[in-house]
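These notes concern the structure reproduced below.
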Amino acid sequence: MAGTVREVVDALPLVDHHCHGAVTADLGPARFEALLTEGAAWPGVSPFDSPVGVAVRRHCAPLLDLERHAPAAAYLARRAELGWQEVNRRFLRAAHVETFCVDTGYAPHPVTSPAGLAAAAGADAREVVRLESVAEAVARRGVDAAGYASAFRAAAEEAVRRPGVVAVKSVAAYRTGFGLDPARPTYAEVTRAAGLWFARGGRLTDPVLVRHLLWTAVALELPLQLHAGFGDSDLRLHQADPALLTDWLRLTAGTVPVLLLHCWPYQRQAAYLATVFEHVHLDVGLALHYVGPGRAGAVLAEAMEITPFRKLLYSSDAYGVAEFHHLGALSFRRGLAGVLQERVDADELSHTDAVRIAAWTGRDNARRLYGLPVSDPGHD
């Protein structure tokens, strides 16, 4: 490949190895602002007045035919004028993604299916099965406690046999945190915990059942994605430090690939785990569009300090507003190109190596781990 590192990275079709659908409805100002934040749109504090809101007005406004830094009111009016289908099409195509791996287990709003996301983007899409959703569906069916373990395993196996499924995911970081007993729970422990859960109702939050879910995930023999670090207010951030998984990772060595998602502010802990455990990989998705293109390089630089280059992937974790599919990709491209070019300029990295690392990180590592086809050999 010829050209500067930035030119190479800008031209690279990405694999977004973890994201969600885009909303299939026109959004009023309040609903749009609520989707701009992992927190809340508080009275008198607009998410537009935050790093991610400023990044949207700077980098997304031109795709709506607006001037850079367009005022929030003008941005929202133009978005409403175009309608959600055209807005989604513009931002999803601008992301220049060849394959989206879509977590279908979180949908508090009507959002595109993987096929709908792919159609709008002119890309391919695969599915990631969220195992907590599978477990909660089993509980709603009314299985008894003694039958829960086998019913969950059977339902999970059925879910991953669906066409297009390439991975499973757990949000254990949200439900219990990672400070769990790493051992596989016994049948008696699972049965007892299931009985208590069924009597109590609600979401899956029992530590024994979350451990059982993680060990079941290993048995499914597909890559396992684990949310780590940054998330919404349901999370206790200190319990989402992936370093807390160290003992469990020792026990699962030699099994399935484990993909640590997002990780900020624990990208250095995740990098350590990827360095010492063969089956651990990571990304710094979600945080990149929240810090914006101007700071994405700083987050990526920390993730890349010791991470083996075949173990870092790209994800957006975009949900709801298609701006995030675009902004995540843009932030990643600018940040990665900046980090690599700085190393080339310092003669710490050859241009050839920089191009290889860019292709691995943006696309090829995900292709390898998820068994994705080479969709456009001309870009290799």
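The values are calculated or read from the model by the stated rules, or taken from the named source; none is laboratory data. All values derive from a computational prediction rather than experimental measurement. Ideal geometry is used to build each Cβ from the backbone, glycine not excepted, and the neighbour counts take in all protein chains shown.
Has segment 70-84 got any residue that is touching a strand residue (DSSP E or B) at 6+ places or on another chain (Cβ under 9 Å) and surrounded by 15 or more Cβ atoms within 10 Å (Cβ to Cβ)? Please lay out each step first, then the result.
First pass over segment 70-84, keeping only residues touching a strand residue (DSSP E or B) at 6+ places or on another chain (Cβ under 9 Å): 84.
So of that shortlist, the ones also surrounded by 15 or more Cβ atoms within 10 Å (Cβ to Cβ) come out as 84.
Yes, because at least one residue in segment 70-84 is touching a strand residue (DSSP E or B) at 6+ places or on another chain (Cβ under 9 Å) and surrounded by 15 or more Cβ atoms within 10 Å (Cβ to Cβ).
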Could you grab me the full set of residues in segment 243-269 that are within 15 Å of the chain's Cα centre (by Cα) and outside any loop (DSSP other than H, G, I, E, B)? V258, L259, L260, L261, H262, Q267
When both residues are 6+ apart or on different chains and their Cβ atoms are under 9 Å apart, which pairs have a first residue that lies in segment 246-263 and is closer than 26 Å to D16 by Cα and modelled with pLDDT under 95, and a second that is in a helix (DSSP H, G or I) and of a type in the set (G, A, S)? none
Take segment 180-192 and flag every residue that is surrounded by 13 or more Cβ atoms within 10 Å (Cβ to Cβ) and farther than 23 Å from A139 by Cα. P182
Failed item in (1) among the aromatic types (F, W, Y); (2) under 30 Å from P47 (Cβ atoms); (3) assigned to a helix (DSSP H, G or I), with Y272 passing the rest: (2)
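Please indicate, with yes or no, whether at least one residue in segment 42-64 is among the hydroxyl-bearing types (S, T, Y), at pLDDT 95 or above and out of contact with any Lys or Arg (no Cβ under 8 Å at 6 or more places or on another chain). I'd like the intermediate steps shown before the answer.
First, the residues of segment 42-64 that are among the hydroxyl-bearing types (S, T, Y): 46, 50.
From the residues that got through so far, the ones that are at pLDDT 95 or above too are none.
No, segment 42-64 contains no residue that is among the hydroxyl-bearing types (S, T, Y), at pLDDT 95 or above and out of contact with any Lys or Arg (no Cβ under 8 Å at 6 or more places or on another chain).
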With respect to A159, is the statement that it is within 30 Å of T99 (Cα to Cα) and assigned by TED's automatic domain parsing to the domain that holds A115 true? yes
Here the residues within segment 39-53 that are under 18 Å from S316 (Cα atoms) and crowded, with 16+ Cβ neighbours inside 10 Å are V52, G53
Qualifying positions in segment 116-141 - among the aliphatic types (A, V, I, L, M) and in contact with a Cys (Cβ under 6 Å, 6 or more places away or on another chain): V128
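Please note which helices (runs of 4 or more DSSP H) are completely contained in segment 1-92 and include at least 3 residues that are on the phi < 0 side of the Ramachandran plot, under 24 Å from the mean Cα position of the chain (by Cα) and of a type outside the set (V, I, T). Quick ask: steps written out before the conclusion?
Values: elements: 5-11, 29-35, 51-55, 72-82.
Hits in segment 1-92: 5-11, 29-35, 51-55.
In the list H262, H351, H279, which residue meets the criterion of being surrounded by fewer than 21 Cβ atoms within 10 Å (Cβ to Cβ) and within 21 Å of A228 (Cβ to Cβ)? Working first, answer last.
Details: H262 fails: surrounded by fewer than 21 Cβ atoms within 10 Å (Cβ to Cβ); H351 fails: within 21 Å of A228 (Cβ to Cβ).
So the residue among H262, H351, H279 that is surrounded by fewer than 21 Cβ atoms within 10 Å (Cβ to Cβ) and within 21 Å of A228 (Cβ to Cβ) is H279.
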Among helices (runs of 4 or more DSSP H) entirely within segment 133-233, at least 1 residues that are in contact (Cβ under 8 Å) with a residue 60 or more places away in the chain and more than 18 Å from the chain's Cα centre (by Cα) occur in 148-160, 207-220
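Before we move on, is L340 surrounded by 18 or more Cβ atoms within 10 Å (Cβ to Cβ), hydrophobic (A, V, I, L, M, F, W, C) and farther than 26 Å from A125 by Cβ? Reasoning before the result, please.
Values: surrounded by 18 or more Cβ atoms within 10 Å (Cβ to Cβ): yes; hydrophobic (A, V, I, L, M, F, W, C): yes; farther than 26 Å from A125 by Cβ: yes.
Yes.
Output the number of residues of segment 157-178 satisfying the condition of being out of contact with any Cys (no Cβ under 9 Å at 6 or more places or on another chain) and within 27 Å of A243 (Cα to Cα).
Residues of segment 157-178 out of contact with any Cys (no Cβ under 9 Å at 6 or more places or on another chain): 157-165, 168-178.
Narrowing the set further to residues that are within 27 Å of A243 (Cα to Cα) leaves 168-178.
Total meeting the criteria: 11.
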Test: R31 is at pLDDT below 95, among the basic types (K, R) and out of contact with any Ser or Thr (no Cβ under 9 Å at 6 or more places or on another chain): yes
